[in-house]
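The values are calculated or read from the model by the stated rules, or taken from the named source; none is laboratory data. Computed from a predicted model, the values in this text were never measured in an experiment. Neighbour counts run over all protein chains shown; Cβ positions are idealised from the backbone, glycine included.
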Amino acid sequence: MARRSVRRVRRPVREEKVAAPRTWRGVIEEYRSYLPVTTATPVITLREGGTPLLESRLGERYGIRLLVKYEATNPTASFKDRGMTVAVSKAAEAGARGVICGSTGNTAASAAAYAARAGMTCVLLIPADGVALGKLVQAIACGATLIRVQATFDGALDLARAAAARFGLTLVNSTNPHRIAGQRTAAFEVCDALGRAPQALALPVGNAGNITAYWAGFSDYQKAGRIRSRPQMIGVQAEGASPLVQGHPIERPRTVASAIRIGRPASWDGAVAAVRDSGGQFISVSDDEILAAQDDLAREGLFVEPASAASVAGVLKLVRAGKAPHEVVCVLTGHGLKDPEVVQSRAKLPPPVPATLEAIQSRLAPRSP
């Protein structure tokens with residue numbers, strides 16, 4: 001009997017549509033309703049923001065809940081990008097021919113990148129001494145005009161203000177309200193991640209624009225009904241550059257943390273209001289405390305520049321004094337590769353060993369004396 005061949009008919013498979021993962025769009029598009037932009041504003045973005053909020057093991061060690069807002073993942077590796085996208089977008093909307101700023105490095109790197117993105121001229125006035133090379137390399141690579149001036153940061157900022165008016169450039173320091181508007185988005189993100197505001201937020205304070213912006217952001221979210229309460233604001237300064245702690249400007253600020261080596265903060269009043277209205281405080285920490293905190297964070301995989309570590313150093317100082325909040329978010333403002341010289345000056349490469357497994361083992365398990 002001949003076998004009959006049976007032809008199997010495949011039934012069509014119904015394909016389920018899987019939604020594509022949502023792509024972060026940058027702070028302007030993510031928080032457009034909270035920002036001073038319109039449909040006429042060209043959005044100059046590098047998809048900044050959306051940075052992680054992470055638990056730190058230091059909290060468990062010291063008996064508090066310690067979270068860190070890791071701003072080093074922004075496009076130019078610092079928090080400055082949040083404000084710069086708004087400031088440069090608004091400058092482009094106004095038809096500006098270029099931007100200018102005085103900087104200790106992070107603002108310079110960010111301004112250079114966003115100006116390059118917009119096809120604008122960028123002029124940077126940098127103190128002749130004490131600015132981390134890692135930050136200047138970014139600005140140079142982006143094609144900015146870098147001018148080193150024989151002045152402190154405060155003097156460079158004064159000169160940038162005058163130059164902006166003289167040469168028809170837009171000043172993009174934190175005195176530009178669009179910078180502060182963009183930096184508020186970090187507060188929004190903290191609240192969105194937690195579903196509420198934290199008990200306290202600690203951050204390094206140099207020119208004081210960031211603490212002003214965070215407080216404004218928390219206030220905006222409270223007014224919009226997104227959060228019920230606002231956090232205590234803890235502003236941390238280096239002992240040698242602590243005008244807000246001491247209550248008066250410092251003529252020659254000194255600290256290993258170059259990003260906060262500022263003696264006359266431009267946003268002084270805003271910072272004071274943030275601390276006062278939140279029931280917070282300004283505190284100062286030594287360079288040794290800053291570097292110890294930098295090391296502690298790096299052991300968790302969070303390599304930050306010294307100024308960033310000041311926030312954690314300040315909280316740990318409060319812990320030792322028995323005055324720390326039970327929950328605090330520390331803002332880590334910039335990546336360690338911004339200022340690697342500080343680590344390099346303390347690091348020593350081990351001597352080489354022969355290319356044998358025995359030599360490797362000797363390093364992994366040193367012999368007892």
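Of note:
- Test result for L54, assigned to a strand (DSSP E or B), farther than 16 Å from A313 by Cα and in contact (Cβ under 8 Å) with a residue 12 or more places away in the chain: yes
- Qualifying residues in region 79-102 (those that are within 26 Å of A309 (Cβ to Cβ) and not aliphatic (A, V, I, L, M)) - the one nearest to the chain's Cα centre (by Cα): F79
- Residue, surrounded by the fewest Cβ atoms within 10 Å (Cβ to Cβ), within region 239-270, restricted to residues that are assigned to a loop (DSSP other than H, G, I, E, B) and of a type in the set (D, E): E251
- Looking across region 172-199 at every residue that is outside any helix (DSSP H, G or I) and either in contact with a helix residue (DSSP H, G or I) (Cβ under 7 Å, 6 or more places away or on another chain) or at pLDDT below 95 (or both), the one that is surrounded by the fewest Cβ atoms within 10 Å (Cβ to Cβ) is identified as T175.
- A single member of L318, L302, L297 is closer than 17 Å to L67 by Cβ, out of contact with any Asp or Glu (no Cβ under 6 Å at 6 or more places or on another chain) and outside any helix (DSSP H, G or I), and it is L302.
- Across region 341-361, a minimum of one residue is classified as in contact (Cβ under 8 Å) with a residue 40 or more places away in the chain and buried (at least 18 other Cβ atoms within 10 Å of the Cβ).
- Residue check, S278 in contact (Cβ under 8 Å) with a residue 60 or more places away in the chain and either farther than 23 Å from D220 by Cα or not aliphatic (A, V, I, L, M) (or both): yes
- The residues on offer are C122, C142, and the sole one that is touching a helix residue (DSSP H, G or I) at 6+ places or on another chain (Cβ under 6 Å), under 23 Å from A72 (Cα atoms) and either surrounded by fewer than 21 Cβ atoms within 10 Å (Cβ to Cβ) or among the basic types (K, R) (or both) is C142.
- Selection of helices (runs of 4 or more DSSP H) fully inside region 57-171 by the criterion of at least 2 residues being modelled with pLDDT of 95 or more and in contact with a His (Cβ under 6 Å, 6 or more places away or on another chain) returns 80-93.
- Those residues of region 25-51 which are part of a helix (DSSP H, G or I) and among the charged types (D, E, K, R), in sequence order: E29, E30, R32
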